[in-house]
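Everything below concerns the one structure shown next.
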Amino acid sequence: MRLDRKCRAALVRAIGVLDENRAKFLGGCPAGELSIVFLSDAALARLHDEFLNDPTTTDVITFEGAPEFGAAGEVCVSADTAANYARAHGREFAEELMLYVVHGWLHLAGYDDLQPAKKRRMRAAENRAMTLLRKAGALPGFAFRKGAK
């Protein structure tokens, strides 16, 4: 999935809103370059297999960066999964996709979702972040076009 200039600028603004509110999220994502990559299910499943030894599809994979070298981390998001989930649950694609970006940003901030209590904390943080973005009018208007390059 390739973002046009307007959508890319909106995504940068959304991340900026999260960064401005980092104190509400365990101090936020580390300083440095944040890479956000939108992939197909197949491409993300390959990464999932290569780095986590799990060949199944997933919604988000987050790789920690090296802040001492100016890299905050990388958030890899499945646009296919977001589109399918949004369609199946009557949600807006743009909101679902941004939720996945928020999820990755929160992982970089130190949130975890592998245990039930930590997962509840992550979900609460996701809700707070999405509410902040809505109130700021900072949700990117992502659109999904199957096969778009």
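Only a single criterion out of (1) touching a residue at least 12 places away in the same chain (Cβ under 8 Å); (2) under 18 Å from residue 17 (Cβ atoms); (3) part of a loop (DSSP other than H, G, I, E, B) is not satisfied by residue 137, namely (1).
Restricting the range 61-72 to residues that are outside any helix (DSSP H, G or I) and out of contact with any Cys (no Cβ under 7 Å at 6 or more places or on another chain), the residue that is most open to solvent (accessible area, probe 1.4 Å) is 64. One residue stands out among those in the range 1-12 that are assigned to a helix (DSSP H, G or I) and of a type outside the set (Val, Ile, Thr): the one that is surrounded by the fewest Cβ atoms within 10 Å (Cβ to Cβ), which is 5.
Scanning the range 1-58 for residues that are closer than 20 Å to residue 94 by Cα and touching a Pro at 6+ places or on another chain (Cβ under 7 Å) yields 7, 10, 11, 14.
Cβ-Cβ distances below 9 Å connect the following pairs, each with a first residue in the range 107-120 that is in contact (Cβ under 8 Å) with a residue 60 or more places away in the chain, a second residue that is surrounded by fewer than 16 Cβ atoms within 10 Å (Cβ to Cβ) and among the hydrophobic types (A, V, I, L, M, F, W, C), and a separation of six or more residues or different chains: 109/26; 110/26; 111/26.
Only residues that are buried (at least 18 other Cβ atoms within 10 Å of the Cβ), free of Cβ contacts under 8 Å to residues at least 40 places away in the same chain and on the phi > 0 side of the Ramachandran plot were counted across the range 73-106, and they come to 0. Inspection of the range 13-25 identifies at least one residue that is within 21 Å of residue 140 (Cα to Cα), part of a helix (DSSP H, G or I) and small (Gly, Ala, Ser). Scanning the range 31-47 for residues that are more than 15 Å from the chain's Cα centre (by Cα) and either assigned to a loop (DSSP other than H, G, I, E, B) or not hydrophobic (A, V, I, L, M, F, W, C) (or both) yields 31, 32, 46. The selection criterion, being hydrophobic (A, V, I, L, M, F, W, C), open to solvent by 30 Å² or more (accessible area, probe 1.4 Å) and not in a helix (DSSP H, G or I), does not hold for residue 132.
The values are calculated or read from the model by the stated rules, or taken from the named source; none is laboratory data. Bear in mind that the values here come from a model prediction, so they are computed numbers and not experimental data. Note: ideal-geometry Cβ built from the backbone for every residue, glycine included; neighbour counts use all protein chains shown. Heads up: the accessible areas ignore ligands, DNA and RNA and are worked out on the full protein's heavy atoms, side chains in. Shrake-Rupley method; radii C 1.70, N 1.55, O 1.52, S 1.80 Å.
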